[in-house]
1. In region 126-146, what residues are surrounded by 16 or more Cβ atoms within 10 Å (Cβ to Cβ) and in a loop (DSSP other than H, G, I, E, B)?
2. Within region 137-150, is even one residue of a type outside the set (Phe, Trp, Tyr) and on the phi > 0 side of the Ramachandran plot?
3. Based on this model, can you work out whether ILE54 counts as among the hydrophobic types (A, V, I, L, M, F, W, C) and either more than 26 Å from GLU176 (Cβ to Cβ) or assigned to a loop (DSSP other than H, G, I, E, B) (or both)?
4. Can you list residue pairs whose Cβ atoms sit under 8 Å apart, with the first residue in region 116-139 being closer than 18 Å to ALA187 by Cβ and the second being surrounded by 15 or more Cβ atoms within 10 Å (Cβ to Cβ) and among the small types (Gly, Ala, Ser)? Count only pairs 6 or more apart in sequence or on different chains.
5. Select from region 76-91 the residues that are in a loop (DSSP other than H, G, I, E, B) and not small (Gly, Ala, Ser) and write down the one among them that is farthest from the chain's Cα centre (by Cα).
6. In the list SER82, SER88, which residue meets the criterion of being within 17 Å of ASN172 (Cα to Cα), surrounded by fewer than 17 Cβ atoms within 10 Å (Cβ to Cβ) and hydroxyl-bearing (Ser, Thr, Tyr)?
7. Return yes or no: is VAL154 under 20 Å from ARG37 (Cα atoms), among the aliphatic types (A, V, I, L, M) and either assigned to a strand (DSSP E or B) or at pLDDT below 95 (or both)?
8. Six or more apart or on different chains, Cβ under 7 Å: which pairs go from a residue in region 32-48 that's surrounded by 16 or more Cβ atoms within 10 Å (Cβ to Cβ) to one that's in a loop (DSSP other than H, G, I, E, B)? Could you list them?
Amino acid sequence: MIAATVLIGCSGTAVHMPDAGAIPIPTLQTLPSDLSRSPQLRALQPRDTAGLEISSESAAAELLPAALTALRASADAPTKLSRLAIYSDSVDFTYEQNGINGRSVSAVYRPGQEMNFATPTYDDSATFEIDAIEPKVPAALVEAIERQVPNGKVTNLDLNVSSSYGFGLVWNIDVEDARGSLANVFATLDGAIVAVDMS
C-alpha cells in the first residue's frame, strides 16, 4: 500500500538523463606516466632470497621496435599475429602465413641476425592486429616491475588471446627471483596493470 502511494505521488516527476557519452566510462586500471608508480604493483612483493643471485636474465623488451620493423619488412609482412613472445635474447612471432587461417608460421628475431622463419604448421589460434601493439610499452613494464622487485627479473612477456585469462588481450608477464617463479603480472597494451598473480 505504501509503495503504491509513493508511485502515485511520483507519477508527475520528469527524469532527465545525460546525453550518451557525456559520462566517461569508469576504469579500474590507472595509467601513470611512470609505470613504476602503478598502484597495482604494490601487490608484487619481493621475497627473501637470502642474498642468492638470480640466474635468469631479463627479457629484452627493448628489441621489440626493431623486431616489428623487421617483420613488417619481410616477404609476408603480416598484419595480424596469434602470438608475440619476448625472451632474454629474442622476439618470437606467430602468425597466419599469407593470411591463411590454420597455416601458421613462427618467426624469430635476434639482433644482428636475419629473421628466422619456421616451416608452416597447423594452428587456428585467435589473432589480433599487429598495429594494436605499443612497441615501447613492454620495456617500460620490465623496468617498472624490476624496480618494484629489485632482486627479481622479468623473464618473458607473452601476448596471445589464450594466455590472457579473460582480461581481454593483455601481456602475460613472468617474474622470477632466485627461488624460482614469483608472479605473473597482467598488463593492457598501453601498460595498465590489471592483475598480479603471486605464485
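The values are calculated or read from the model by the stated rules, or taken from the named source; none is laboratory data. Just so you know, these numbers come straight off a predicted model, no measurement behind them. Cβ coordinates were reconstructed from backbone atoms using ideal geometry, including for glycine residues, and neighbour counts include every protein chain displayed.
1. THR127, ILE133
2. The answer is no; no qualifying residue exists.
3. yes
4. Note: pairs meeting the criteria are PHE128/SER82; GLU134/GLY191; VAL137/ALA187; VAL137/GLY191; PRO138/ALA59; PRO138/ALA61; ALA139/ALA61.
5. ASP76
6. The conditions single out SER88.
7. For VAL154, the condition - under 20 Å from ARG37 (Cα atoms), among the aliphatic types (A, V, I, L, M) and either assigned to a strand (DSSP E or B) or at pLDDT below 95 (or both) - is met.
8. Listed by first residue and then by second, the contacts come to LEU35/GLY191; SER38/THR30; SER38/PRO32; LEU44/VAL149; ARG47/ARG179.
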